[in-house]
């Protein structure tokens, strides 16, 4: 998928994550802030990158502000932000089908 415009998904509440997706140069540029970075930073980074790979996003700038979100929440936030950034309509979004 091609990132066409900036988009945000999620909140800064406890146990959630806010994901911002913007058009980028070449490759994925990931910025990660987390309240549990020391314990789970590598897993959070891998979850985000795996989700982007499944969505076939190759060029984007991603910012994740994590407040202790579970992997399923991170996947949902990344998926939502990517679909919003592509201008996909609500009726054409394959929720749950693109990310396994």
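Okay, here's what the table says:
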| item | result |
| --- | --- |
| Viscosity 1.002 mPa s, temperature 20 °C, Stokes-Einstein D of the chain from Kirkwood C-alpha radius, µm²/s | 162 |
| Degrees between helix 71-85 axis and first principal axis of the chain (Cα, 0 to 90, nearest 10) | 30 |
| Degrees separating the helix 37-54 axis from the principal Cα axis of the chain, which is the longest one | 10 |
| Percentage relative contact order, the chain, counting C-alpha pairs under 8 Å, at least six apart | 40 |
| Order by protection proxy (mean Cβ within 10 Å, highest first), peptides 57-70, 23-36, 5-18 | 57-70, 5-18, 23-36 |
| Segments 77-86, 40-49 sorted - mean Cβ within 10 Å per residue, highest first | 77-86, 40-49 |
| DSSP-defined antiparallel bridges as percent of all bridges, the chain, nearest 5 | 60 |
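Since every read-out is calculated from the coordinates, none of them should be taken as a lab result. All figures in this text were calculated on a predicted structure; none of them were measured in a lab. Here the Cβ is made from the backbone with ideal geometry for all residues, glycine too, and neighbour counts use every protein chain on show.
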